[in-house]
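So the structure is just underneath, and the comments pick up after that.
Any read-out appearing in this document is the output of simple, stated calculations on the displayed coordinates, not a laboratory observation. None of these values were measured; they are calculated from a predicted model. Cβ sites come from the backbone with ideal geometry, for glycine too, and all protein chains shown count toward neighbours.
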Amino acid sequence: MARTRTALLSVLALLAGLLSLQLSGPAPRASAAPAAFTHPGVLVSRAQLDYARSKVTASQQPWKAAYDDMMGSSYASLSRTPQPRAVVECGSSSNPNHGCTEERQDAIAAYTDALAWYFTRDSRYAKKSIEIMDAWSATITDHTNSNAPLQSGWSGATWPRAAEIIKYTYDGGWPGAGRFATMLRNVYLPEVINGAATKNGNWELVMTEAAIGIAVFLDDRSTYDKAVSTYLDRVPAYVYLTGDGDLPKPPANSSIDTEAEIIKYWQGQSTFADGLAQETCRDFGHTGWGIASIADIAETSRIQGQDLYPKIQDRLRYALGFHTAYENGTAVPSWLCGGSVKKGLDQVTEVGFNALHNRLGISMSNTQKYTEAHRPSGTDNYFNAWTTLTHADNPS
C-alpha cells in the first residue's frame, strides 16, 4: 500500500511539473548583453579602425580608394551646415518629406566626419561631427506620419556610430554627449524598440539595428537584450532555408500565420529556395537593406563579445549568394518572381562578406565577385556608408 501511494505521489508530482512547464511557457533567452560594453563598438571597433587606417596610410587598395571617395564626398565637407528640425515628418516613400532627407544625411555626415577625424587626427572633423550631433540633439523632439518608425531606424542606426567614435576616441571633449544620449533615448528609441512585425522585414531589421546601436551608446543592457530577441526572431522570418519546411517562418508577434497570408507577405512567391528573402520579389534594393542590417547587427554583437554570427550565418550566407548570383548575370528561372526580378542590391555586401568569407572561411564565389566589382562602396544616403573602408578584408 505504501509503495502504491509513493508511486501515485510521484506521478502527481510529474504531472504538476509538466503543467507548470506548460503554464510558464518556453524558457527565456539568456542575456545577450555583455557585462560591460566595448567602446567604440557600434559596427566598427577601434581595432578595425586602426587596421583600416594603417592600410590607408600605406596607400594600399581598396582602402585608399575608399578613403579618397569618402573624403571627396559632400559628407566630409567642413563647411556643411546641419539642418535640424524639431519635428521630422515622413510619410510613405518620404511623402511628405519634412526634414527626412536632411536628418538622414546629417547623420551620415556626422559619421563621415567621425571617421575622417579618426583617420586624419584633424580635430576639425571631430568638431564638425559634434556640431552636427549637437544641432540635432538641441532641436528634434519627434518623428511623425507613417514612416516615422522607418525614418527613426535609418537615422537611429547611423547616429550611434558617429557618437561612439567621437565620445571614445576624441580627446578634445564633447560637453553635449549627455544631451545627445537623451535624444537617442527619448526621441529615437521609443519609435524603434517595439519593432514592426507586420511591415516588410527591412523595417524591423533597421529599427532593430538602431535599437542595438543606441543600447550600446547608452550602456543599456535591457534594451540590448530586447533588440537581440527581436533580431533572432526576425532573421528566420526574412530569409528562408529549406529546413524551415514548405513555408517560410512567419514574423513573430504578427497575425501572418496562414499559408495564403504568408505567400502574400512574400510578395506572392509560392516556391522557396535557400536564401530567398521576404522582399526578393519586391525588389533587390529593399532586400539589400534587410541583408545589410542582418550583417550590421551581427557585427556589433561580435564587437560586444556576444557573437550572433553563428546563429544567423547560414541565412546570411545564402541570402548574399542567392541575390548576388542574379546580380552577376545568372538567368532568372520561371519559378522565381514570375521569371523577372528587379535588381539593384547596391553596396550592402561588404560587412557580411568579410565576416563569413574572410573570418569564417566560407566559400562565397558569387558574393565575392559582386563585392569586389562594386568597390569602393560609398553611401546609399540612408544608412549604409563607407563599408569598403571600414570592413574590406578586415580581420580585426
(request) Averaging sequence separations of C-alpha pairs under 8 Å and six or more residues apart, then dividing by the length of the stretch 133-291, give the relative contact order as a whole percent. (result) 21
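Looking at the chain, do any whole DSSP H helices span at least 20 angstrom along their long axis by alpha carbon and average 1.0 or above on Kyte-Doolittle, and which? Mind dumping the intermediate values first?
On the way: long enough: 2-24 (33 Å, 1.26); 100-120 (30 Å, -0.24); 123-137 (21 Å, -0.63); 148-169 (31 Å, -0.25); 201-218 (25 Å, 1.23); 221-238 (25 Å, -0.70); 284-303 (28 Å, 0.32); 309-327 (26 Å, -0.77).
The qualifying helices are 2-24, 201-218.
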(request) Could you pull out every one of the lysines with an alpha carbon less than 19 Å from that of LYS264, ignoring same-chain neighbours closer than 8 positions? (result) LYS199, LYS249, LYS342
(request) Could you sort 340-353, 233-246, 377-390, 284-297 so that the peptide with the highest average Cβ count within 10 Å comes first and the rest follow in order? (result) 284-297, 377-390, 340-353, 233-246
(message) Cut-off 10 angstrom, C-alpha nodes, Gaussian network model of the chain. Which of SER93, SER59, SER301 fluctuates the most?
(response) SER93
